[in-house]
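Asks: The following block contains the structure, expressed as structure tokens.
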């Protein structure tokens with residue numbers, strides 16, 4: 001029995017709110033934290049490595065895994081399937097390691113409703129304002145004005161689901177948001193459900209108490 005059962009840590013946010021940066025900071029903070037490698041049916045791009053960037057699967061294999069319950073969450077996006085394999089996550093949390101998921105609200109709800117739902121920690125990252133969200137997207141310099149416009153239009157659909165998460169952080173100061181994020185993760189690791197050894201410890205205390213009679 002491990003000292004602690006791992007968590008499935010879900011981070012969601014509209015594009016530009018800071019989710020990817022906070023994910024990288026979490027992984028740097030605790031090297032025992034695992035990042036969930038998604039499965040996809042799209043072809044690998046140059047320099048992408050199977051099992052590192054994605055698990056590249058055929059469509060038949062992907063659908064079989066979904067039907068067998070081997071995907072914690074899945075979605076069909078732009079003609080390809082994407083999903084989070086269940087077995088690596090199960091293996092990690094059984095070994096006491098946390099798994100980090102950078103996914104949207106739909107994927108988050110599927111994981112929360114899965115068999116591993118009791119061991120999830122879901123956190124939503126909000127921007128301080130819509131104006132600031134747009135400024136951050138422009139400052140990244142990664143997208144065309146048209147793409148930024150589409151991301152901005154989609155942002156409210158993401159934000160509207162904030163109420164289904166365990167914790168919600170407003171990322172108006174990245175350093176403070178990261179400190180709050182670490183506090184949430186540290187505290188949730190101490191939940192009774194995440195500490196299976198407590199049952200045996202309480203039984204031991206009970207035996208000691210009986211010996212006093």
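Asks: Output the 0 to 90 degree angle, nearest 10, between the alpha-carbon long axis of helix 130-140 and the longest principal axis computed from the alpha carbons of the chain.
Replies: 80 degrees
Asks: Show that you can apply the helix-only estimate: for the chain, add -39,500 (n - 2.57) for every DSSP H stretch of four or more residues, divide by all residues, and state [θ] at 222 nm to the nearest 500. Walk me through the intermediate numbers first.
Replies: On the way: 8 runs with 93 residues, N = 213.
For the chain, the value works out to -13500 deg cm²/dmol.
Asks: Could you compute how fast region 13-110 diffuses translationally, taking Rh as the Kirkwood radius over C-alpha pairs and applying Stokes-Einstein at 10 °C with viscosity 1.306 mPa s? Give it in µm² per second. Before the final figure, lay out each step's value.
Replies: Details: Rh = 14.4 Å.
Translational D for this selection: 110 µm²/s.
Asks: Then there is this: On alpha carbon coordinates alone, what is the Rg over Rh value for region 152-206, Rh being the Kirkwood radius?
Replies: On the way: Rg = 17.7 Å, Rh = 14.4 Å.
Ratio value, two decimals: 1.23.
Asks: Pairs of alpha-carbon atoms within less than 8 angstrom and 6+ residues apart define the contacts here; what relative contact order does the chain have, in percent? Provide the component values of the computation, followed by the final result.
Replies: Numbers: 301 pairs, mean separation 67.9, N = 213.
Over the chain, the number comes to 32 percent.
Asks: Bin width 5 Å, origin at 0, all Cα-Cα pairs of region 111-206: what percent of pairs per bin?
Replies: Taking every Cα pair in region 111-206, the percentages come to 2, 10, 15, 16, 16, 13, 10, 7, 4, 3, 2, 2, 0, 0.
Asks: Further, regarding this structure: Normalised by the residues of region 89-213, what does the relative contact order come to in percent, with Cα pairs under 8 Å and at least six apart?
Replies: On the way: 61 pairs, mean separation 31.7, N = 125.
Relative CO of region 89-213 lands at 25 percent.
Asks: Among 189-195, 142-148, how do they line up from the highest to the lowest mean number of other beta-carbon atoms within 10 Å?
Replies: Working: 189-195: 13.4, 142-148: 11.3.
The densest-packed peptide leads the list: 189-195, 142-148.
Asks: Oh, and also: Report the label-to-label distance for residue 183 and residue 167 in nanometres (one decimal), using points 7 Å from each Cα along the Cα→Cβ vector.
Replies: Each label point is offset 7 Å from its Cα along the Cβ direction, giving 0.9 nm.
Asks: Report, to the nearest 10°, how far helix 19-29 tilts away from the longest principal axis of the Cα atoms in the chain, using its own Cα long axis and a range of 0 to 90°.
Replies: Its long axis makes an angle of about 40 degrees.
Asks: Hey, another quick one. Would you mind checking the tilt of helix 174-188 against the longest principal axis of the Cα atoms of the chain, expressed as 0 to 90 degrees and rounded to 10?
Replies: With both axes taken from Cα atoms, the answer is about 30 degrees.
Asks: Could you state the principal axis extents of the C-alpha atoms in the chain, from the largest down, to the nearest angstrom?
Replies: Result for the chain: principal-axis Cα extents of 76, 44, 30 Å.
Bear in mind these aren't lab numbers, they're just calculated from the coordinates by the rules spelled out. Quick caveat: nothing in here was measured; it's all calculated off a predicted structure. Don't worry about glycine lacking a Cβ; one is built from the backbone with ideal geometry, like all the others, and counts go over all protein chains shown.
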